[in-house]
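Below you'll find the structure, written out as structure tokens, and then a few comments.
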Amino acid sequence: QSQGLQQAPLPPHVYTVADAAYRSMAAAITSKGGAGGSQSVLISGESGAGKTETTKIVMRYLTVVGKGDAGDANAAVMDRVLQSNPILEAFGNARTVRNDNSSRFGKFIELKFDDRGAMRGAAVDTYLLEKIRLPTHAEGERNFHVFYQLHATTSGGAAGAKAKDVGGDAWKLPASPATTCSYLKQGGVPSLTTMDDGEEFCRAADALTTLGVEAPDVTAAFRLVAALVHLGDVAFEFDTGDDGGGSRVDDSSTLDLAAGLAGLDAAALLATLTTRTVETRGESYVVRLVPADAARARDAVAKALYGRLFEWLVAKINAGVAAGEKVHAIAASIGVLDIFGFECFATNSFEQLCIN
């Protein structure tokens, strides 16, 4: 209703903001050859305010109005840009006590347009992924969505069939990971009424394919998630010795399965979890870790692996939505900043404190 009006008589609205950003950019491209035409849309607010959904609305609107006269030739670019959403949500969003689909990272999405106002690609920057959520989350909350999407594949159906297509037979998940596995069961919320984890798993897997990620890489990504599910269940018990004692793994088969899925050497992983190297005065020696320290080392390894996986996925997304500037000259861009919201937990992560 307010499309094209410089000062709309209606209250502020997401479509009005998106339309104003596009028209301001297009006007600058036409009159100034693109100089000063780039725009930014800042989406902020408390957790649960609707930032993630608002970001998707802005992106959908800008991809539609940015179709230009390119027709079907630009449809693939538009589709790939929109397909980044289910991937980022699967691996970067989680349920909190205030929001079933809370972004646990910040993202800046730059949509790039040519001199005719047609969208030619995009680029995504992310920051402050809340990796601490992987080993620890509060009652009533969940880990990242992708872990429960893997849980949904154990029930068969379309998600189970899709899992087989991406190497799910190798995951060796228990019958109900969300209620039995350490990294998934802490919050006591195995499923949500607001989303179907099985459907979301299929969407995320299909989106990776749409973005041009090769099948072996898709398989490897989900194998690593399954590896982390098993890694969280690696338990330690005290091992006596002349050095004061250390740790040994309670069930080596769990460690072996996690290492195999992650493509790691099991013996090297065990040494990483149960020992540390101390250097002093030019000498180094190995110190064994007690069970509590070994558990912390396990969680640190899990967070590091997941952080690397997330960065790799963002790189794959950027490769899939790249503008191809050698073919199309980019005249201006519209940036959409979606920062995850203010929250105050009983125990606040470093990332959450930075955002607050």
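The values are calculated or read from the model by the stated rules, or taken from the named source; none is laboratory data. Keep in mind the model is a prediction, meaning the values are calculated, not measured. In this analysis, Cβ positions are derived from the backbone assuming ideal geometry, glycine residues included, and neighbour counts consider all displayed protein chains. Ligands, DNA and RNA are stripped out before the accessible areas are found, and what is left, the full protein with its side chains, is counted by its heavy atoms. Shrake-Rupley method; radii C 1.70, N 1.55, O 1.52, S 1.80 Å.
Quick notes
- Asp243 crowded, with 19+ Cβ neighbours inside 10 Å and in a loop (DSSP other than H, G, I, E, B): no
- Meets criteria (at pLDDT 75 or above and surrounded by fewer than 14 Cβ atoms within 10 Å (Cβ to Cβ)) for Gly335: no
- Among the residues making up the stretch 177-196, a single one is free of Cβ contacts under 8 Å to residues at least 40 places away in the same chain and touching a Phe, Trp or Tyr at 6+ places or on another chain (Cβ under 7 Å): Ala178.
- Every pair of residues 6+ apart whose Cβ atoms lie under 7 Å, when the first sits in the stretch 115-130 and is under 17 Å from Leu337 (Cβ atoms) while the second is charged (D, E, K, R) and surrounded by 21 or more Cβ atoms within 10 Å (Cβ to Cβ): Ala122/Lys112; Val124/Lys107; Asp125/Lys107; Thr126/Lys107; Leu129/Arg104
- Selection from the stretch 164-197 of residues that are over 23 Å from Asp100 (Cβ atoms) and part of a helix (DSSP H, G or I): Lys164, Asp165, Gly168, Asp169, Ala170
- Contact map, the stretch 150-176: residues that are in contact (Cβ under 8 Å) with a residue 24 or more places away in the chain and closer than 17 Å to Ile87 by Cβ paired with residues that are part of a helix (DSSP H, G or I) and polar (S, T, N, Q), Cβ distance under 8 Å, separation 6+ or inter-chain. Pairs shown: Ala159/Gln149; Ala159/Thr153; Lys162/Thr153; Ala163/Thr153; Val166/Thr219.
- So Asn348, is it open to solvent by less than 60 Å² (accessible area, probe 1.4 Å) and within 22 Å of the chain's Cα centre (by Cα): yes
- Matching option when the condition is without any contact (Cβ under 8 Å) to a residue 24 or more places away in the chain, assigned to a strand (DSSP E or B) and more than 20 Å from Phe105 (Cβ to Cβ), among Ser333, Ser284, Ser253: Ser284
- Asp206 vs. criteria at pLDDT 95 or above and under 14 Å from Leu150 (Cα atoms): no
- Verdict on Ala49 being over 28 Å from Asp197 (Cα atoms), at pLDDT below 95, out of contact with any strand residue (DSSP E or B) (no Cβ under 8 Å at 6 or more places or on another chain) and open to solvent by 30 Å² or more (accessible area, probe 1.4 Å): no
- Criterion violated by Glu199 - all others in (1) more than 20 Å from Leu313 (Cβ to Cβ); (2) charged (D, E, K, R); (3) within 19 Å of the chain's Cα centre (by Cα) satisfied: (1)
- Here is the figure for the stretch 120-172: residues that are under 16 Å from Ala220 (Cα atoms), open to solvent by 10 Å² or more (accessible area, probe 1.4 Å) and not acidic (Asp, Glu) total 7.
- Every listed requirement among (1) surrounded by fewer than 15 Cβ atoms within 10 Å (Cβ to Cβ); (2) in a loop (DSSP other than H, G, I, E, B) is met by Leu264 save one, (1).
- Residue count for the stretch 287-303 under the criterion of being within 24 Å of the chain's Cα centre (by Cα), in contact (Cβ under 8 Å) with a residue 12 or more places away in the chain and open to solvent by 50 Å² or more (accessible area, probe 1.4 Å): the result is 1.
- Residue selected from the stretch 28-43 under the condition surrounded by 13 or more Cβ atoms within 10 Å (Cβ to Cβ) and either in contact with a strand residue (DSSP E or B) (Cβ under 7 Å, 6 or more places away or on another chain) or within 20 Å of Thr126 (Cβ to Cβ) (or both), by the criterion modelled with the lowest pLDDT: Gly34
- Trp312 meets each of the listed conditions (1) surrounded by 18 or more Cβ atoms within 10 Å (Cβ to Cβ); (2) within 30 Å of Ala207 (Cβ to Cβ); (3) of a type outside the set (Ser, Thr, Tyr) apart from (1).
- Test: residue in the stretch 214-229 that is polar (S, T, N, Q) and either over 27 Å from Ala76 (Cα atoms) or open to solvent by 60 Å² or more (accessible area, probe 1.4 Å) (or both): no
- Test result for Thr219, farther than 24 Å from Ile317 by Cα, without any contact (Cβ under 8 Å) to a residue 60 or more places away in the chain, of a type in the set (Val, Ile, Thr) and part of a helix (DSSP H, G or I): no
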